[in-house]
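For reference, the structure discussed in these notes is given below.
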């Protein structure tokens, strides 16, 4: 039923529709509303025989799920930011053991400096841990992707992260159409594990693997991810046939016909970019937008095919590889290997900075006029940066960087937004 | 599209107000989006929340920097934060206060706004009357329905009954009614009549 819901509520209700059997989570903003609601629903008996475990940490949460999933239970958790990093060791283990756990990442910046707001630093830090990573554009897509994620995880024996922008989606109220239980049951069959810890037929999983076999195990994990590319699209298509709306898949274009400039991004900023694309099209600028929904595995061929007739590509990304530049841009450049299409990196929305339609439009005009350095930081306050650099040249012990920058920003004046 | 920015302090229900307004717009058959601009959640710290209402799907996620409407739940913020930043020259302003615009020190500043677009509402007093607490957000939402005509008062009240069950929902709905009545009466006194906003 279509209703005006908070994103966290939509996701919690979508999870309940997937009939999870074990949920373990540790609250952390901006994920909290999801797990609070789930714990309440489990306690009220709204989630069948599901068990909700209060754990001492994120590491504990995922460790519990590794055990529960190996014992054949459908499992779910959610976290963000430092919480994801705190469970990092278990994140790799879940993938290496082939356990189909589904986890929501309510994307948030990683400190220091501590920052509770949205960017993609957290999920990007663990992009190569062996999990499938799906990114939601809207709360409708976030809800839908969780339903797809369980089917994907269980068909592949591979864990899936569904990434949704913290606050921007988790705390946004917007219309979401949640399916009914019968249609979710028809789409997502009961979990039938391919490996199972069963006392009556004892096996062990998680053996030590030495140099003689480690490469082969990793090679097979890579092959499994490449197979996932087909399955991600198939499951999205199957979802569309049943629920009559497109959600997920690998990548989706917007106004790509004749576009000489294509802006690529992940997550909720796609809507704002589409507004900018419409505005620029009205100015006669041939620009389009490509949304990457599935980031791991990386759909190189599909992205190459979508971009090969363009003359330039701009990757707008909410993350930064310090000392290198863009993370997604590096993958896009590799996908375009040999095509001689310039790829520009635009770092935007770090630590929750609002990304405006106007800034995006000006950025595209600037890229086309070759006025931007590489990588470009959208809406960077150059005055603050230059003042701080000058101060540091003069003083060896110039004080802690974050505190000095805050002071400089406040001296210039508090902005409303 | 109409963009509304709410200003208040942590604990005053600023975020809830934006959520309720989006629910009311949805109940009215419109597309709506509400989201907060949280600081670290502290009671008393300045808080903003945003709501957009449109006749079509809302795609943008940016913060509202050019509001068509400002709802100020805490008048002590008037001279502390750049509350009026980006306000549309033919926009609307609702302020929770028992003082006049002149007494609040913003009479001259707002005199260029069209007649019937600015109103001071004793929303905390209305909250005390109905809920025994100075809850200003729901009276101001009733006032929003009155001053803009964008959303029906009944839709605002139904959102409150949906969010708060039983007596609390009814008390909030009654407070919204008082907020609505206050705006209608004060605009009639002002002789400006109602200049309702475009609906989308």
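Rule-based calculations on the coordinates, nothing more; no lab input. The model shown is predicted, which means the values in this text are computed figures rather than measured ones. Neighbour counts run over all protein chains shown; Cβ positions are idealised from the backbone, glycine included.
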**Request:** With an 8 Å cut-off on Cα pairs and a minimum separation of 6 or more residues, tell me the relative contact order of chain A in percent.
**Result:** 15
**Request:** Along Cα→Cβ, 7 Å out, is where each label goes; now give me the distance between the ones at residue A:411 and residue A:182 in nm to one decimal.
**Result:** 6.8
**At 0.890 mPa s and 25 °C, Stokes diffusion of the range A:168-293 via Kirkwood alpha-carbon radius, µm² per second** = 128
**Complete:** FRET efficiency for residue A:397 and residue A:366 from the Cβ-Cβ distance with R0 = 51 Å, rounded to 0.05, comes out at 0.85
**Message:** Could you work out the pair-distance distribution P(r) of chain A from its alpha-carbon pairs, with 20 angstrom bin width and percents rounded to whole numbers?
**Reply:** 26, 55, 18, 1
**Message:** Defining a contact as two alpha carbons under 8 Å apart and six or more residues distant in sequence, what relative contact order in percent does the range B:39-101 show?
**Reply:** 32
**Request:** Using Cα centres only, tell me the gap between the range A:358-393 and the range A:87-114 in whole Å.
**Result:** 32
**Asked** So for the pair residue A:216, residue B:168, with labels modelled 7 Å out along Cα→Cβ, what separation do we get in nm?
**Response** 6.2
**Message:** Between residue A:337 and residue A:92, what's the calculated FRET efficiency when r is the beta-carbon distance and R0 is 35 Å? Round to 0.05.
**Reply:** 0.80
**Request:** Measure out, as a whole number of angstrom, how far apart the alpha-carbon centroids of the range B:1-77 and the range A:168-227 sit.
**Result:** 39
**Asked** Using the alpha-carbon centroid of each, what span in Å lies between the range A:265-324 and the range A:1-29?
**Response** 29
**Fill in**
So the FRET efficiency between residue B:45 and residue A:201, C-beta based with R0 = 56 Å and rounded to 0.05, is 0.45
**Request:** Output the antiparallel fraction of DSSP beta bridges having both residues in chain B, as a percent to the nearest 5.
**Result:** 55
**Geometric extent, Cα atoms of the range A:248-340 - Rg, Dmax (angstrom)** = 12.7, 37
**Item:** Descending semi-axes in whole angstrom, ellipsoid equivalent of the range A:2-243, from the Cα gyration tensor
**Value:** 26, 21, 18
**Prompt:** Cα atoms only, the range A:165-232: Rg and Dmax in Å?
**Reply:** 19.8, 54
**Message:** I want the antiparallel fraction of DSSP beta bridges within the protein assembly as shown, as a percent rounded to 5.
**Reply:** 35
**Request:** Would you mind checking the range A:104-118 for residues with the amide N under 11 Å from a putative spin-label position 7 Å along Cα→C-beta of residue A:381?
**Result:** none
**Request:** Give, as ranges by residue number, the residues of the range A:99-121 whose backbone N falls under 18 Å from the point 7 Å along Cα→Cβ of residue A:324.
**Result:** A:110, A:120-121
**Asked** For the range A:125-143, list residues with backbone N below 20 Å from a point placed 7 Å from the Cα of residue A:243 toward its Cβ?
**Response** A:132-143
**Message:** Would you report the distance distribution of C-alpha pairs in the range B:1-149 as whole percents per 5 angstrom bin, up to the bin with the largest distance?
**Reply:** 2, 10, 20, 24, 22, 14, 7, 2, 0
**Asked** Over chain B, what is the mean sequence separation of C-alpha contacts under 8 Å (at least six apart), divided by residue count, expressed as relative contact order in percent?
**Response** 21
